[in-house]
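Trainee: Below: one structure in C-alpha cells.
Here, each number is a calculation from the coordinates, and none is a lab measurement. Model, not experiment: these values are computed from the prediction. Counting neighbours? That spans all protein chains shown, and the Cβs are built from the backbone with ideal geometry, glycine included.
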Amino acid sequence: MKIYLIGYMGSGKSTLGQDLASVFGVSWLDLDDEFELRYKVSISAFFEKYGETAFRELEHKVLADISQIPDLVVSTGGGLPCFHDNMKLMNQTGITVYLQALPELLISRIELSARKRPLFQQMKGENFLQKISVHLESREPFYSQAKIIIDAKKPDVEDLKKKILDYTSIIS
Ligand code: S3P
C-alpha cells in the first residue's frame with residue numbers, strides 16, 4: 001500500500017508521515033529530501049538558480065519514479081499536487097491524505113521550522129497573512145481531490161490508520 005501525504009507548507013506531512021510509516025511497518029520517504037539527494041542541491045538553491053518552473057518539472061520526475069515503489073508512505077512538497085497532473089498520478093498509484101489547516105497555524109509552524117522555504121520567504125512582509133491565505137485557497141481545488149482529508153492541528157496516527165483501512169476496504 002502506498003500513501004501520499006499532501007498539504008501546505010507547515011501542515012506536518014513529514015512528522016505524520018514517519019509515524020504513519022511506522023504503524024504500517026513500511027518505509028517513509030520525503031519527496032523534498034529525495035529531490036535534494038538526487039540532484040545534489042538544496043531546494044532553495046535550486047529555486048534561486050533555475051526558478052520554480054524547472055523545479056516543478058524535476059519534482060514531477062521524482063514523483064513519477066517514486067510512484068512505482070509499492071509499499072511506502074510519501075510526504076510530498078506543498079506545491080506538488082498543483083502541477084503536472086500530480087494529483088491524478090497519486091490517486092492512480094496510492095491513497096492520498098490531505099492535512100488541512102488554517103493559515104494562522106501554518107504560518108506559526110513554518111516560522112518555527114528550520115527548513116528553508118523559498119516561496120514562503122517570497123511572501124513575507126506586508127499583508128503576509130492575506131498572501132498565505134490567498135495562496136492556500138488557490139491550492140485548495142487540488143488538495144481537495146485527496147481521498148481522505150484530516151485536520152492537521154493534532155492528527156491522530158491510529159485514527160488515520162483506521163480511516164485508511166476503511167477506505168481500502170471500500171475500494172477493494
Ligand atoms: C513548496 C513546499 C516545500 C518545497 C518547496 C516548494 C511549495 O515543501 O517543496 O519549497 O510550493 O509549497 P514543504 O511543503 O515540505 O515545505
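Trainee: Note down the relative contact order for the range 27-127 as a percent, whole number, built from C-alpha pairs under 8 angstrom at least six residues apart.
Mentor: Relative contact order of the range 27-127: 34 percent.
Trainee: Would you mind checking the range 97-118 for residues with the amide N under 20 Å from a putative spin-label position 7 Å along Cα→C-beta of Lys161?
Mentor: Taking a point 7 Å out along Cα→Cβ of Lys161, the residues of the range 97-118 whose backbone N falls under 20 Å are 97-99.
Trainee: Determine, for each peptide in 71-77, 140-146, the mean count of other beta carbons within 10 angstrom over its residues, then list the peptides with the highest first.
Mentor: Working: 71-77: 23.1, 140-146: 15.9.
With the highest mean Cβ count within 10 Å placed first, the list reads 71-77, 140-146.
Trainee: Also: Under unit Cβ charges (Lys, Arg +1; Asp, Glu -1), what dipole magnitude, rounded to 20 debye, does the chain have relative to its Cα centre? Write out the running numbers ahead of the final one.
Mentor: Numbers: 21 positive and 23 negative charges, 18 e Å.
Dipole magnitude for the chain comes out near 80 debye.
Trainee: Tell me, what is the FRET efficiency for Asp85 and Asn127 to the nearest 0.05, using R0 = 35 angstrom and their Cβ-Cβ distance as r?
Mentor: Values: r = 32 Å, r/R0 = 0.90.
The computed FRET efficiency comes out at 0.65.
Trainee: Nearest 0.05, what FRET efficiency do Glu137 and Met1 give at R0 = 25 Å with Cβ-Cβ as r? Provide the component values of the computation, followed by the final result.
Mentor: Numbers: r = 31 Å, r/R0 = 1.25.
Result of the calculation: an efficiency of 0.20.
Trainee: If you don't mind, there's one more thing I want to ask. What whole number of Å gives the distance from the Cα centroid of the range 140-171 to the Cα centroid of the range 1-54?
Mentor: Cα centroid of the range 1-54 versus Cα centroid of the range 140-171: 18 Å apart.
Trainee: Give the angle, between 0 and 90 degrees and rounded to the nearest 10, that separates the Cα long axis of helix 13-24 from the longest principal axis of the Cα atoms of the chain.
Mentor: Compared with the principal axis, the helix lies near 20 degrees.
Trainee: Which Cα, out of Gln145, His135, Ile69, lies furthest along the positive dipole direction of the range 63-152 (beta carbon charges, K/R +1, D/E -1)?
Mentor: Farthest towards the positive pole: His135.
Trainee: Assuming a ≥ b ≥ c are the square roots of the Cα gyration tensor eigenvalues, decide whether the range 94-148 counts as rounded (a/c under 1.5), prolate (otherwise, with a/b larger than b/c) or oblate.
Mentor: On the way: a/c = 2.25, a/b = 1.63, b/c = 1.38.
Judged from the Cα gyration tensor, the range 94-148 comes out prolate (a/c at least 1.5, a/b above b/c).
Trainee: Taking the mean number of other Cβ atoms within 10 Å as a proxy for protection, how do you rank 28-36, 5-13 from highest to lowest?
Mentor: Details: 28-36: 18.3, 5-13: 25.3.
Peptide ranking by packing, descending: 5-13, 28-36.
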